[in-house]
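The values are calculated or read from the model by the stated rules, or taken from the named source; none is laboratory data. The model shown is predicted, which means the values in this text are computed figures rather than measured ones. With ideal geometry, Cβ positions are generated from the backbone for all residues, glycine too; neighbour counts draw on all protein chains shown.
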């Protein structure tokens, strides 16, 4: 029951849905997600932790950065179904389209140089 409630909590937030839709394209680090969302690093990290705790994303060190991606191994059949449904959803949503356009151009090395 706890895994199910964490899953639904993670999916109940628009920002977390936006993050998951971004991660469908490719793995992203916190600074890239922060750039797309125009949010703060602590806020983005909080959302990523919620998604990770729910078993929807995982992370891997990539040089100086930690890259987040949608998990390849969903914890339960419900997790797998939720991710599959999400992949088929929101394709025509304007916010998702804009986020994906920015994700295509975002570059973590360039973001790091600006700071």
- If a residue has to be touching a helix residue (DSSP H, G or I) at 6+ places or on another chain (Cβ under 6 Å) and exposed (fewer than 11 other Cβ atoms within 10 Å of the Cβ) to count, how many in segment 94-108 make the cut? 0
- Give segment 60-73 a look and list any residue that's at pLDDT below 95 and surrounded by fewer than 17 Cβ atoms within 10 Å (Cβ to Cβ), or say none. 60, 61, 62, 63, 64, 66, 72, 73
- Message: Looking at the structure I just gave you, is residue 52 part of a helix (DSSP H, G or I) and either in contact with a helix residue (DSSP H, G or I) (Cβ under 7 Å, 6 or more places away or on another chain) or loosely packed, with under 15 Cβ neighbours inside 10 Å (or both)?
- Response: no
- Task: Filter segment 1-32 for residues that are surrounded by fewer than 20 Cβ atoms within 10 Å (Cβ to Cβ) and outside any helix (DSSP H, G or I) and give the result.
- Result: 1, 12, 13, 24, 25, 26, 27
- Task: Within segment 61-75, work out how many residues are in contact (Cβ under 8 Å) with a residue 12 or more places away in the chain and over 28 Å from residue 1 (Cα atoms).
- Result: 5
- Please tell me if residue 78 is over 20 Å from residue 15 (Cα atoms) and either part of a helix (DSSP H, G or I) or under 12 Å from the mean Cα position of the chain (by Cα) (or both). yes
- For residue 83, indicate whether it is out of contact with any helix residue (DSSP H, G or I) (no Cβ under 7 Å at 6 or more places or on another chain), buried (at least 16 other Cβ atoms within 10 Å of the Cβ) and in a helix (DSSP H, G or I). yes
- Query: So residue 45 clears everything in (1) touching a helix residue (DSSP H, G or I) at 6+ places or on another chain (Cβ under 8 Å); (2) surrounded by fewer than 17 Cβ atoms within 10 Å (Cβ to Cβ); (3) in contact (Cβ under 8 Å) with a residue 24 or more places away in the chain except one condition, right? Which one?
  - Reply: (3)
- Message: What's the number of the only condition in (1) modelled with pLDDT under 95; (2) within 15 Å of residue 7 (Cβ to Cβ); (3) not in a loop (DSSP other than H, G, I, E, B) that residue 35 fails to meet?
- Response: (2)
- Given the conditions (1) more than 17 Å from residue 10 (Cα to Cα); (2) in a strand (DSSP E or B), and given that residue 58 satisfies all but one, which numbered condition is not satisfied? (1)
